[in-house]
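Structure first, then comments.
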Amino acid sequence: MNVESEKKDYSKGERIKIHQPDVNKSDRFNPRNRIYVRAIEGFWTQIRRRLGWVAMLFFLLLPWVPWGDRQAVWFNLAEQKFHIFGLTIWPQDLTLLAALLTIAAFGLFFVTTYLGRVWCGYTCPQTVWTFIFIWFEEKFEGARNKRMKLDQMPWSLNKIWRKTAKHLCWGLVSLLTAMTFISYFVPTNIVYGEVFGGSASGVIYFWVALFTIATYGNAGWMREIMCIHMCPYSRFQSVMFDKNTYIVGYDATRGESRGPRSRKADPKALGLGDCIDCDLCVQVCPTGIDIRNGLQYECINCGACIDACDNTMERMGYQKGLISYTTENRLEGIKERVLRPKLVGYGVVLAIMTLIFIYASATIDPVRIDIIRDRNQLFRENSQGLIENTFTLKILNKTEYQHEYQLSVDGLPDYKWYGPQTVIVDGGEVLTLPISVAVDPVNLSRTMTKVNFKVVTEMDGEKIEETQESRFFSQ
């Protein structure tokens, strides 16, 4: 059964009837029963495929890249340290991480405002993994029509082995994905060595199992449900779009009225546009939409329908570009504007945050000192008649290497230091050091004196100094 919907015929200034397949309302959240993505070759498909492989290999290989005695990228949650090659982000430097996330967000906003949802169509993990899973479907179950026929056939030995092989490959890819993702948080040698050796902790097994199931479900079964119903980006993308944003668009002025015809037929004589109504643009769409119905939030700008239409236009001897990357203004014959307030605003914020991140990363303090006063007693008079205050110094070596530090205090005359004044701290370690400072009461003119504890070291021939303010109390 078909239902009719109306669409404006831009070439004649009237509305025409478009036939669309009736969707089973009782099964609307199980689109696997009605969406079988057809394989297609073309310029944009090749770009998407190559970018997908680059993203996939980058994701899989990055945890294996060594950096000194650790892996190059390691988000060590247990010790609250984020290692990104030579940069180590500590909890005290979380503003760096916030800046990095802000850069990623505004970079996405900027690209989306200018080029539309190219992130979704070309580099989103959901899209990359979905096409990988579809590739396995095609290898074991055949092309689109064969897959549809196979699903309608009763169970047989042929159907069982094909389905089993497909799901086994899905499971292996999902397991590899999960273990790779966990390797960003737990060292790679531990993840693979202990998981396959059976000696990993229950926490690691839990997360590996969880992400394996999530990948298998998202890329194997849910697919476009994730893009259409669950991904928040598909919902708020309209805020970033304007009529100058590049979208996948259908040129209705050129394409309508649509209809089948032979290659030798003159479409003008038949009163037809260039669209032959082959529906290939619908069959290759991973979200199952008809791009000829106009801009839809389900469209992920993957360009598959462009390649399908271009191939058809080439076979028919027509000009390519009936479906293309275009803008709403271009489709309406209005001059496009590249520079507009929204795009410029996103670009300015992106540039500012990038400069801030670069500056903050380059000037990050390699050592940090925290002072904790004795909370039980503000001061005491020792056996020598001196006023003594007790402190706990926490010295954090934020580098990867061991360093020696000299400790001192400014603001007190002729003080005595009780405890070591030269300490050695390993790379990435925090040294907790209890010390006391005593002063002759004659030299104190106030009951509270502002002091600065100082840590001095030498790194690469350069003197590094860090200070922390505190208070010295007396009677």
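The values are calculated or read from the model by the stated rules, or taken from the named source; none is laboratory data. Quick caveat: nothing in here was measured; it's all calculated off a predicted structure. Cβ coordinates were reconstructed from backbone atoms using ideal geometry, including for glycine residues, and neighbour counts include every protein chain displayed. The protein model used for the area step is the full one, side chains on, heavy atoms only, and it has no ligands, DNA or RNA in it. Shrake-Rupley method; radii C 1.70, N 1.55, O 1.52, S 1.80 Å.
Let me spell it out: the conditions are (1) surrounded by fewer than 17 Cβ atoms within 10 Å (Cβ to Cβ); (2) farther than 21 Å from S183 by Cβ; (3) touching a Phe, Trp or Tyr at 6+ places or on another chain (Cβ under 7 Å), and F133 meets all of them except one. Which number is the exception?
(1)
Look through the stretch 396-418, keep the residues that are open to solvent by 80 Å² or more (accessible area, probe 1.4 Å) and of a type in the set (S, T, Y), and return whichever of them is nearest to E469 (Cα to Cα).
Among those that are open to solvent by 80 Å² or more (accessible area, probe 1.4 Å) and of a type in the set (S, T, Y), it is Y418.
Need pairs with beta-carbon distance below 7 Å; first residue at pLDDT 85 or above and within the stretch 366-379, second open to solvent by less than 60 Å² (accessible area, probe 1.4 Å) and part of a loop (DSSP other than H, G, I, E, B); sequence gap 6+ or separate chains.
Going by the 7 Å Cβ cut-off, the qualifying pairs are P366/K398; P366/T399; V367/K398; R368/K398; F379/S474.
Return the residue satisfying two criteria in turn: it lies in the stretch 234-272 and is loosely packed, with under 13 Cβ neighbours inside 10 Å and touching a residue at least 24 places away in the same chain (Cβ under 8 Å), and of such residues it is nearest to K320 (Cα to Cα).
R263
What do you reckon, is L94 within 14 Å of the chain's Cα centre (by Cα) and part of a helix (DSSP H, G or I)?
When the stated conditions are applied, L94 does not pass them.
Does G294 fit the bill of being in contact (Cβ under 8 Å) with a residue 24 or more places away in the chain, closer than 13 Å to V37 by Cα, among the small types (G, A, S) and open to solvent by 20 Å² or more (accessible area, probe 1.4 Å)?
For G294, the condition - in contact (Cβ under 8 Å) with a residue 24 or more places away in the chain, closer than 13 Å to V37 by Cα, among the small types (G, A, S) and open to solvent by 20 Å² or more (accessible area, probe 1.4 Å) - is not met.
Restricting to the stretch 153-202, name every residue that is open to solvent by less than 40 Å² (accessible area, probe 1.4 Å), within 20 Å of the chain's Cα centre (by Cα) and at pLDDT 95 or above.
V173, S174, T177, A178, M179, T180, I182, S183, Y184
Any residue at all in the stretch 88-109 that's of a type outside the set (A, V, I, L, M, F, W, C) and exposed (fewer than 14 other Cβ atoms within 10 Å of the Cβ)?
For the stretch 88-109, residues of a type outside the set (A, V, I, L, M, F, W, C) and exposed (fewer than 14 other Cβ atoms within 10 Å of the Cβ): present.
Do we have I300 as under 38 Å from the mean Cα position of the chain (by Cα), among the aliphatic types (A, V, I, L, M) and over 30 Å from V128 (Cα atoms) here?
For I300, the condition - under 38 Å from the mean Cα position of the chain (by Cα), among the aliphatic types (A, V, I, L, M) and over 30 Å from V128 (Cα atoms) - is not met.
I'm checking my understanding of the structure. Among residues of the stretch 419-447 that are open to solvent by 80 Å² or more (accessible area, probe 1.4 Å) and either under 18 Å from R471 (Cβ atoms) or outside any strand (DSSP E or B) (or both), which one is modelled with the highest pLDDT?
P434
Could you tell me which residue of the stretch 297-336 is most open to solvent (accessible area, probe 1.4 Å), considering only residues that are charged (D, E, K, R) and in contact with a helix residue (DSSP H, G or I) (Cβ under 8 Å, 6 or more places away or on another chain)?
Filtering first and then ranking leaves K335.
Kindly indicate which of E6, E41 is open to solvent by 60 Å² or more (accessible area, probe 1.4 Å), closer than 30 Å to L295 by Cα, modelled with pLDDT under 80 and not in a helix (DSSP H, G or I).
E6
If you take just the helices (runs of 4 or more DSSP H) that sit entirely in the stretch 133-203, which of them hold at least 2 residues that are over 30 Å from E79 (Cα atoms)?
144-152, 157-182
Collect the residues in the stretch 61-73 that are open to solvent by 50 Å² or more (accessible area, probe 1.4 Å), closer than 16 Å to I182 by Cα and not in a loop (DSSP other than H, G, I, E, B), keeping them in residue-number order.
Correct list: L61, W64.
Looking at the stretch 361-389 only, could you name the residues that are under 18 Å from V456 (Cβ atoms), surrounded by 16 or more Cβ atoms within 10 Å (Cβ to Cβ) and charged (D, E, K, R)?
R368
Just to confirm my filter: which helices (runs of 4 or more DSSP H) fall fully inside the stretch 225-326 and include at least 1 residues that are of a type in the set (V, I, T)?
Output list reads 233-240, 252-255, 280-283, 304-316.
All but one of (1) modelled with pLDDT of 85 or more; (2) of a type in the set (A, V, I, L, M); (3) over 23 Å from the mean Cα position of the chain (by Cα) hold for V23, so report the exception by its number.
Every condition holds for V23 apart from (1).
Mind counting the residues in the stretch 203-227 that are open to solvent by less than 20 Å² (accessible area, probe 1.4 Å) and in contact with a Ser or Thr (Cβ under 6 Å, 6 or more places away or on another chain)?
3
Determine which single condition E469 fails, assuming it passes every other condition in (1) crowded, with 17+ Cβ neighbours inside 10 Å; (2) out of contact with any Pro (no Cβ under 9 Å at 6 or more places or on another chain); (3) within 30 Å of G86 (Cα to Cα); (4) not basic (K, R).
(1)
What are the residue pairs meeting all of these: first residue in the stretch 212-233, first residue at pLDDT 90 or above, second residue of a type in the set (A, V, I, L, M, F, W, C), Cβ atoms under 6 Å, and 6 or more apart or on different chains?
Every condition considered, the pairs that remain are T212/L175; T212/A178; Y216/W170; N218/M226; A219/W129; A219/F133; G220/F133; G220/W170.
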